[in-house]
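Colleague: Take this structure first; my questions come after.
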Amino acid sequence: MTLTYLDHAATTPVRTSAFEAMLPFFREQFANPSGSHRFAREARRAIDESRDAVAGTLDVEPGEVVFTGCGTESDNTAIVGARGLAVCPAAEHHAVLHPVEELGGRVVATDATGHVDLDRLADALGDDVAVVSVMAVNNEVGTITDLAAVSRLVRERAPRAVLHTDAVQAPSWLDLRQITPLVDLLSLSAHKFGGPKGVGVLTIRDGVRIAPLVRGGGQERERRSGTHNVAGIVALAVALAETDAERPAENVRLASLRDRLVDGLAATVDGVVETVPRDRKVAGSAHVCLEGIESESMLYLLDEAGICASAASACASGAMEPSHVLSAMGVDRRLAAGALRLTLGHTTTERDVDHAVDVVADAVMQLRSHRFARPS
Ligand code: PLP
């Protein structure tokens, strides 16, 4: 069976260029970059070059780039390391939401598109706030945040706060150079743009003080200890550069495939509700709610047909609880129970989306006829 992979928001296939860039660091260039011999210096040089490349793509100084163990760690470091009152919207990824809640921070309502409600955000800001965290792109429904508006509000109402953005879902769709001037801290994760799992970035604007979460040998200028994942860091830089170069063309190609997918579903299946208007979200995101369908049964039938999709975020999809994002958006519980997230990426083809339309249509027919056939 050929797999049809439509779950790029969960993770992306590793780009060939990134995979090949990693190989020498598992073989002949295996040294620990913190050492003092020549092999260590070679590994250190590879990290320095990767840092320069990442800084170039983000339009920040190399010294502002901190390599971390994943997007979750970058998010946690930003929230916990600010050491004070944290504020975030209710539709954030749990990597932000959970530390904010655990530290007794303020969680702000979103509107019906999943965008933070700017009036509620304004109410939550003040001199007592240490960090505000607002994601660039929502991982579940694809909504793009107006970070310029958020940044203006935070600078005006919470002048002592640092502004963090979880940009983990952004690199394939948005030019990060336009985001970094608006924020003090920004999180990335390599596996969301064709790099390997287990390596991330946190940018920390020069002069901003963030206490380290991981302490030890003092790597990353005391901001993140732990022996560097050299292969992962090198691959992250390669994947980010390639993603950045392909982005303008991919945005056009994948918006057209996404439209073909959602329009195809709407034309063949009754009761398809698009969760967020297309002009408010990224090109690769197709999120719909299917009336009268349970996501769990839909995902089972899609899996049987070789289609990889998801209902909520990857972390939550093992347990089919109503998604906290759809709840925050005020989506009716019964409708939210039929959520289907299909996310496109650099490997997606026209054949993939056409096949998905056929399989989803068949599955809906099967599930609805089963429901009506059941004795009451
Ligand atoms: N933030 C967002 C928006 C995400 O989508 C994810 C991954 O699902 C994360 C953070 C966590 O990143 P990682 O998987 O690298 O820990």
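Colleague: For the stretch 118-133 and the stretch 205-265, what is the separation of their Cα centres, given in Å?
Modeller: 27 Å
Colleague: What is the dipole size for the chain, taken about its Cα centre, with +1 at each Lys and Arg Cβ and -1 at each Asp and Glu Cβ, in debye to the nearest 20?
Modeller: With Lys and Arg at +1 and Asp and Glu at -1, about 800 debye.
Colleague: If you find the alpha carbon centre of the stretch 163-199 and of the stretch 1-59, how far apart are they in angstrom?
Modeller: 16 Å
Colleague: Here is a follow-up. Per DSSP helix of 4 or more residues, -39500 (n - 2.57); summed, then divided by the residues of the chain. What does that give at 222 nm, rounded to the nearest 500?
Modeller: -12500 deg cm²/dmol
Colleague: Considering amide H positions built from the backbone, and no H for Pro or chain starts, which residues 5 or more places from VAL108, or on another chain, come under 5 Å of its amide H?
Modeller: So VAL108 has HN proximity to CYS88, ALA90.
Colleague: Now a separate question. Select from HIS228, THR180, LEU265 the residue farthest towards the positive end of the dipole of the stretch 165-292; place +1 on Cβ of Lys and Arg, -1 on Cβ of Asp and Glu, and compute about the Cα centre.
Modeller: HIS228
Colleague: Using a 1.4 Å probe, how large is the accessible area of GLU291, given in Å² and rounded to the nearest 10?
Modeller: 90 Å²
Colleague: For the stretch 10-27, in order, what is each residue's ³J(HN,Hα) by Karplus, 6.51 cos²θ - 1.76 cosθ + 1.60 with θ = phi - 60°, in whole Hz (x at glycine and Pro)?
Modeller: 7, 6, 10, x, 5, 5, 4, 4, 5, 4, 5, 5, 6, 3, x, 7, 9, 10
Colleague: Using a 1.4 angstrom probe on heavy atoms only, work out the carbon and sulfur share of the accessible area of the stretch 16-242 in %.
Modeller: Accessible surface attributable to carbon and sulfur in the stretch 16-242 totals 49 percent.
Colleague: Can you work out the Karplus-derived ³J(HN,Hα) for every residue in the stretch 42-51? Use 6.51 cos²θ - 1.76 cosθ + 1.60 with θ = phi - 60°, whole Hz, and x for glycine or proline.
Modeller: Ordered by residue, 3J(HN,Hα) equals 5, 5, 5, 4, 4, 5, 4, 5, 5, 4 Hz.
Colleague: In the chain, once you exclude exposed chymotrypsin sites (Phe, Trp or Tyr not before Pro) (DSSP loop, at most 12 other Cβ within 10 angstrom), what's the longest stretch remaining?
Modeller: 31-376
Colleague: Counting only heavy atoms of the protein chains, get the accessible area per residue of the chain (1.4 Å probe) and round it to a whole Å² value.
Modeller: In whole numbers, the chain has 43 Å² accessible per residue.
The values are calculated or read from the model by the stated rules, or taken from the named source; none is laboratory data. Predicted, not measured: the structure shown is a model, and the values here were computed from it. Because the Cβ atoms are built from the backbone with ideal geometry, glycine has one as well, and the counts that use them run over all protein chains shown. Side chains are part of the model used for accessible areas, which takes the heavy atoms of the whole protein and leaves out ligands, DNA and RNA. Shrake-Rupley method; radii C 1.70, N 1.55, O 1.52, S 1.80 Å.
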